[in-house]
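What follows draws every value from the coordinates through simple rules; no lab data is involved. All values reported here derive from a predicted model rather than from experimental measurement. Note: ideal-geometry Cβ built from the backbone for every residue, glycine included; neighbour counts use all protein chains shown.
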Amino acid sequence: MFLLEGSETAEFTILLAHGAGGAMDSSAMNAASFALAARGFQVARFEFGYMAARRTSESRKPPPKAEMLMGEYRAAIAALTPAGRLVIGGKSMGGRVASMIADKEHASGRIAGLLCLGYPFHPPGKPERLRTAHLEAMRTPALICQGSRDIFGSQEEVAAYTLSPSIAIRWFADGDHDLKPRKAVTGLTHADHMRSMADAVAAWSARLT
């Protein structure tokens, strides 16, 4: 059920769900998972049922609404035996689903925090359709790693949102929805941003109580 990387004795295990269109072993998920594992975390990846079904069928049904995936995420938490304290999150939609269950899981003591890699603040081209209502009063310590030119929520757009003080945002210069910068603009590579992302997660997780 899980794709695991990293140490079995890590202080933190990070449970990651994939985005709406990319499987748990997509290039973006691989890059993030390998970077986090190299930084000392155990990383556990899983797939929602609709994505797992695509591996055995030619059908490419669209993903369900995020609200319909909350139960699957809770089931993944229950099925996982983490190496250490548990942080939940994911890429894009996966992080959004995790964010929707985070407060109850945190209040119960099952998780220590939330990590979102490229949060989908709104659908591309539809900035008026915000997905931030539950983030305004969030109590769970959270870190959002976001590219500054992400079409799901750029740095300029997000600056105008009302978000809970429990949420920290780490911006990645010229990063897209995968945190990938244009080397001609920044002189940086995707691998550079992945290492910086892992460093940011390490610094953030060290402050979790």
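Annotations for the structure displayed:
- Förster radius 41 Å - calculated FRET efficiency between ALA191 and ALA78, Cβ distance, rounded to 0.05: 0.75
- The GNM of the chain, with springs linking C-alpha atoms under 10 angstrom apart, assigns the highest mean-square fluctuation among GLY118, GLY94, GLY153 to GLY153.
- Along its first, second and third principal axes, ordered by size, the chain spans 41, 41, 34 Å in Cα coordinates.
- Sorted by Cβ density within 10 Å, fewest first, the residues LYS104, LYS61: LYS61, LYS104
- Among ARG129, ARG182, the order by Cβ neighbours within 10 angstrom, fewest to most, reads ARG129, ARG182.
- Relative contact order for segment 3-205: 18 percent, from Cα pairs under 8 Å spaced at least 6 residues apart, divided by residue count.
- Listed residues LEU15, LEU179, LEU130, most fluctuating in the chain (Gaussian network, C-alpha, under 10 Å): LEU130
- Charge dipole of the chain about the Cα centre (unit charges at C-beta), most positive-ward option of LEU130, ALA191, TRP171: LEU130
- Rounded to the nearest 20 debye, the dipole size of segment 78-177 about its Cα centre is 360 debye, using +1 on the Cβ of Lys and Arg and -1 on the Cβ of Asp and Glu.
- Summing Cβ point charges (Lys, Arg +1; Asp, Glu -1) relative to the Cα centre of segment 1-83 gives a dipole of roughly 280 debye.
- Dipole magnitude (debye, nearest 20) for the chain, charges at Cβ of Lys, Arg, Asp, Glu: 220
- Gaussian network model of the chain, springs between alpha carbon atoms under 10 Å - residue of ALA160, ALA23, ALA107 with greatest fluctuation: ALA160
- Going by neighbour counts of Cβ atoms within 10 Å, the residues THR162, THR209, THR186 line up, fewest first, as THR209, THR162, THR186.
- Qualifying trypsin sites (Lys or Arg not before Pro) in segment 11-69, where qualification requires a DSSP coil assignment and no more than 11 other C-beta atoms within 10 Å, comprise ARG55, ARG60, LYS65.
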